[in-house]
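Take a look at the structure set out below.
The values are calculated or read from the model by the stated rules, or taken from the named source; none is laboratory data. Computed from a prediction, not measured in an experiment: that's the story for all the values here. Every residue, glycine among them, receives a Cβ derived from its backbone with ideal geometry; neighbour counts consider all protein chains shown. Note: areas computed on protein heavy atoms with side chains; ligands, DNA, RNA excluded. Shrake-Rupley method; radii C 1.70, N 1.55, O 1.52, S 1.80 Å.
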Amino acid sequence: MDTSKLPRMIDFSNAPVLDMKKALYRVHNKQELLEKVILVFKKNLLEKKETIATELVNENWESLKLISHSLKGSSWTIGAQRLGDIAYAMEKASASKDLPLFNHLFTILQNGIDQVFNYLAENGL
Amino acid sequence: MNTQSKNILVVEDDPLTRQLYVNYFNTIVPNYNLYEAENILKGTCLCFEKKPELVLLDMIMPGYGGEFLLDIMEEGFSKQILSFSPKIIVISSIESAEELMALTKRISVASVIPKPLPFDTLEELVKLHLQTE
Amino acid sequence: MKKNNIRFLIVEDDEMIRIIHKDFLEELFPNCKIFEAENAAQGICLYFECRPHLILLDMMMPLMGGETFLEILEEGHRTKILKEMPKVVVVTAIKDVKELMAIGKRFAVEAVISKPLVQSQLKALLEDWIS
């Protein structure tokens, strides 16, 4: 397998970890609503990460595609553009049942999730 | 515990077969109101409107099959949304043991009967299911 | 539709979006009742059990999507089983123009809005319908 052709985190780094302006726009600039939504977002990220790990063992591609699609949607909703872009790549990889690529992207996703959590912590969320 | 609706719903796409079932029910449980649907979408609407005690559901129909209604009922049960709980008897040609097992495991399914319909067995089943309401 | 008795149904698989839509509606109509469904199957159950006046409907959902929800409403209306006319506002991430136009022509669909829904859009739509 030619690992030089696999994507890296830097390929997604043009997109921001989290666009706070976008996030606030989504919630009509309501800080309390933002906090509520972010709490749910964080919980869902951790749950989805676990589910992906399980479904990956069984190579359950339909399920992996649905989860990636959902992850993409919720990340883009809240302005976590980078994470959404990674999830989009995972959605495409699961559509073509590309195990090495999906595995690789999953590692990048996990780093991406850490970045989001760190960013939120730095911003008191 | 919901009040008895005294309604029965038959969901079957073939008009002759459907008429046969309706006539049959009119004979064995004449005190019940009969409703019929030729497709699952109409069947679903009628199921919710009339809240039947019993549903006779053909699994194989053009368009959406019987599992459409089963999926909806199960989502309703799991989220405790439903104000009623019909006994659903599904009619299946039962091609394999796996298929039979899969159907009988579904929480929305009260009984599975084969095609062609064994009317004597159906009569016993119907009376048993309506009694336990 | 009267402001004080209004019932809404949100059919949307993304929990975050459900929270946002619910907040928007509660602020606009403090006395309203809001029901939530994660997919069209739950949506269909809640529609019949609760008879909402207005539905915010996502199209792409696991298990059963918005298309199916609309089909049920259409069939119910066609067969005269459903007497009331709900209003459906589709809120979707679908970008294809032909698809969006086709959705807009469906029974009970009053408006098709691209995600994300903004509160002012909702207000503009609803204040026409709700006294």
Self-check item: Accessible-area value, C:Arg78, 1.4 Å probe, nucleic acids and ligands omitted, Å²
Solution: 140 Å²
Quiz item: What whole number of Å gives the distance from the Cα centroid of region B:109-133 to the Cα centroid of region A:87-117?
Solution: 50 Å
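For an R0 of 30 angstrom, estimate the FRET efficiency from the Cβ-Cβ distance between C:Trp129 and C:Leu100 and round to the nearest 0.05. The partial results should precede the final answer.
On the way: r = 21 Å, r/R0 = 0.70.
With R0 = 30 Å, the Cβ-Cβ based efficiency is 0.90.
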Quiz item: What's the FRET efficiency of B:Lys79 with B:Thr17 using the Cβ-Cβ distance as r and R₀ = 22 Å, to the nearest 0.05?
Solution: 0.05
Quiz item: If all Cα-Cα distances of chain A are sorted into 10 Å bins from 0 onward, what percent lands in each bin, rounded to whole numbers?
Solution: 13, 46, 29, 10, 1
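Based on the Cβ-Cβ distance from C:Gln121 to C:Asn5, what FRET efficiency comes out when R0 is 22 Å, to the nearest 0.05? Before the final figure, lay out each step's value.
Working: r = 23 Å, r/R0 = 1.06.
The formula returns an efficiency of 0.40 here.
Dipole size in debye (nearest 20) for the protein assembly as shown around its Cα centre, Lys and Arg Cβ +1, Asp and Glu Cβ -1?
Working: 44 positive and 55 negative charges, 255 e Å.
That gives a dipole near 1220 debye.
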Quiz item: Any idea of the total accessible area buried by the A-C contact, 1.4 Å probe, rounded to 100 Å²?
Solution: 1400 Å²
Quiz prompt | Total lysine pairs under 16 Å (Cα atoms) in region A:16-122, excluding pairs fewer than 8 apart on one chain | solution = 13
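Of all accessible surface on chain B at a 1.4 Å probe, what whole percent is carbon and sulfur? Mind dumping the intermediate values first?
On the way: 3390 of 6310 Å².
Summing carbon and sulfur atoms, their accessible area is 54 percent of the total for chain B.
What size of dipole, in debye to the nearest 20, comes out for region A:16-122 about its Cα centre when the only charges are +1 on Lys and Arg C-beta atoms and -1 on Asp and Glu C-beta atoms? The partial results should precede the final answer.
Details: 14 positive and 13 negative charges, 74 e Å.
Around 360 debye, computed over region A:16-122.
Return the calculated 222 nm mean residue ellipticity for the protein assembly as shown, to the nearest 500 deg cm²/dmol, obtained by summing -39500 (n - 2.57) across DSSP H runs with n ≥ 4 and dividing by the residue count.
Numbers: 15 runs with 207 residues, N = 389.
Per the formula, -17000 deg cm²/dmol.
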Self-check item: Kirkwood Rh, Cα atoms: Rg over Rh of chain B
Solution: 0.92
Exercise. Identify which of B:Ala110, B:Ala97, B:Ala37 has the largest mean-square fluctuation in a Gaussian network model of chain B, with springs joining Cα atoms closer than 10 Å.
Key: B:Ala97
Quiz item: By a straight-distance test (C-alpha under 20 Å), which lysines pair with B:Lys79 as possible cross-link partners, with residues fewer than eight away in the same chain excluded?
Solution: B:Lys51, B:Lys87, B:Lys105, C:Lys22, C:Lys33
Practice problem: Determine the distance separating the Cα centre of region B:59-76 from the Cα centre of region C:57-123; give it in Å without decimals. | Solution: 21 Å
